[in-house]
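The values are calculated or read from the model by the stated rules, or taken from the named source; none is laboratory data. Worth saying up front: this structure is predicted, and the values here are computed from it rather than measured. Glycine also receives a Cβ, built like all others from the backbone with ideal geometry; neighbour counts cover every protein chain displayed. Please note that ligands, DNA and RNA were not included when accessible areas were found on the heavy atoms of the full protein model with its side chains. Shrake-Rupley method; radii C 1.70, N 1.55, O 1.52, S 1.80 Å.
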Amino acid sequence: MHRRTALGGALTALATAAAGVLVAAAVSTTPAAAAAGGTGTGYLHTSGNKIVDSTGATVRLTGINWFGMETDNKTFHGLWSSNPWRGQLDTMARLGYNTLRIPYSNDALKSGATATGINDFVNPDLIGLSPLQILDKVIDYAGSKGMRVILDRHRPTSAGQSPLWYTSTVSEATWINDWKMLAQRYAGNTTVIGADLHNEPHAEGTNPAATGACWGCGDTARDWRLAAERAGNAILGVQPNWLIFVEGVSCPSGGLSNVWDNDPSNDEDCGWWGGNLSKAGQFPVRLNVANRLVYSPHEYATSVYRQAWFDDPTYPANMPAIWDKYWGYLYKQNIAPIMMGEFGTTLQDPKDKIWLQNLMAYTGTGVNGMSFTYWSWNPNSGDTGGIANDDWTTINQPKQDILTPYLIPPTGGGGTTSPSPTGTPNTSPAPTTPPPPVTGGCTATYKQINSWAGGFQGELTVKNTGTAAVNPWSATWTWPSGVTLASGWNATVTQSGTTVTAAAPAWASSLAAGASVTVGFTANGTAAAPATAKLNGTAC
């Protein structure tokens, strides 16, 4: 996404519900059959329209996109900010995003590829690493938070998206071989659950001279359904445990209609790039390993393009029938799971707020609802903005408020899922009243992340081993004389003399019994482990 131009297409007549409905009818769901949090155990597979874990428990992926690896930077955007990369992942997990969709281009996978746009002071542990090595670290840390990762081949090169899965400079063989390399690289790592084969296949050329991606047309050079089978089966030959995420096309013919010929019979029903799976029921993707296919449409609001349906007089009552037609039927008919890989909006148009509220209601509530990964974490997505604000630290609360009821936090994500958009971890005021005592005890674990001449980076994880929640929580520790705080995250971190205090941020003030919080920091001076760590005055 974040670089698409106008995408529209004619929409055939669709049955609509009564006008005036402000919230779309939700997909029918049964009572939740799994835990309220987490992304399951082991590798995932499918069962009808559900994604399930290795024990058979239903899992709902409620994730977010963090882009940048598909651009000229060849790594995650926002690494230039004052918020360290781990701090950003901590926030995502705490907000309730249990899955990370990571776009990449084949350029980032090349030998000798260089990652740029990194704040070395804030992220010293990334200095000199290749794009793939940075990806390794992000995957490892996301896994430690209980998150899952989906890899998304977003572009053949960093120059831009392509209607087909190959170009004159990036062959189908390169596309498939790079996927096999990634499948081998992360084999055995259950954090990485699957491959989103190619981002937003779409139409090109005017019919009948179509040159773009079609669905079910039978032309091996253009039929996205057949290409998805070839790539999906090649990946499963290397890593049979992965899910294969297959997006739609824009126009099933692969070409744009000639709207100027005054012949409505030739005007095809088209949708968003990657969003039209209307032919998948008739022409399903066939994989050699059963129960691995997930269909992954994209869906957007007026901030991306003002499709005709947004101006329908019955809007938003017309939307459920449109979603049914393009992709929802696959879920409702128990054909396959749906994982909406991208959807987003700036919320600048009032219609967009209605759209987002209705779309989320349509996906259903609880663990049995459709899965999704919101576009995007990044605030620098030109036509949607992000969940993160421009400081890459605070959040866009109006968007988050709409999404929160549908988010299933990862096990181990910690904290609460009701953040505040104001303040940064280093500037929020400390509590003015003494924090409540811990009923029980605590443990503290230190991990040094990196060190360099004159400074170091570390993490202190404090666990509430007591029998009751601590709200608000506050952790303290001491450093040797000469060690001074440079920056901190996941709390309001301050220093007085040799004592450092990490006070709970407003958006994660409570530390439940049995829960833990990880406070990250950089410091000046000789590397030293925190001493005499305490949680609300109780020694750990």
Spin-label pair Ser496/Ala528, simplified geometry with 7 Å Cα→Cβ offset, distance in nm: 1.9 nm
Over segment 56-173, what lengths in whole Å, largest first, do the semi-axes of the equivalent ellipsoid take, defined as the square roots of 5 times the eigenvalues of the alpha-carbon gyration tensor? 24, 20, 11
For segment 98-237, averaging the sequence separation of alpha carbon pairs under 8 Å that lie six or more residues apart and dividing by its residue count, the contact order in percent is 24 percent
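Tell me, what is the FRET efficiency for Glu172 and Ala513 to the nearest 0.05, using R0 = 35 angstrom and their Cβ-Cβ distance as r?
0.05
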Magnitude of the Cβ-charge dipole (Lys and Arg +1, Asp and Glu -1) of the chain about the Cα centre, nearest 20 debye, reported as 1460 debye
Kirkwood-based Rg/Rh on the Cα set of the chain evaluates to 0.99
Before anything else, pin down the relative contact order of the chain: Cα pairs under 8 Å, at least 6 apart, normalised by residue count, whole percent. 18 percent
Ellipsoid semi-axes in whole angstrom, largest first, where each is sqrt(5λ) of the Cα gyration tensor of segment 100-156: 18, 18, 9
Multiplying the sequence separation of Asp391 and Asn119 by 0.36 nm and subtracting their Cα-Cα distance, what value in nm do you get? 96.6 nm
Quantify, in whole percent, the carbon and sulfur part of the accessible surface of the chain (1.4 Å probe; protein heavy atoms only). 53 percent
To the nearest 0.05, how large is the calculated FRET efficiency for Gln348 and Ser111 if R₀ is 45 Å and r is the Cβ-Cβ distance? 0.60
Along each principal axis, Cα extent of segment 316-356, largest first, Å: 36, 22, 11
Counting only heavy atoms of protein chains, what accessible area per residue, in Å², does the chain have with a probe of 1.4 Å? 35 Å²
Using the Cα atoms of segment 174-317, I'd like the radius of gyration and the largest Cα-Cα distance, Dmax, both in angstrom. 17.1, 56
Suppose R0 equals 30 Å. What FRET efficiency, 1/(1 + (r/R0)^6) with r the Cβ-Cβ distance, do Gln448 and Thr404 give to the nearest 0.05? 0.30
Extension gain (nm, one decimal) between Ala159 and Lys137, 0.36 nm per residue minus Cα-Cα: 5.4 nm
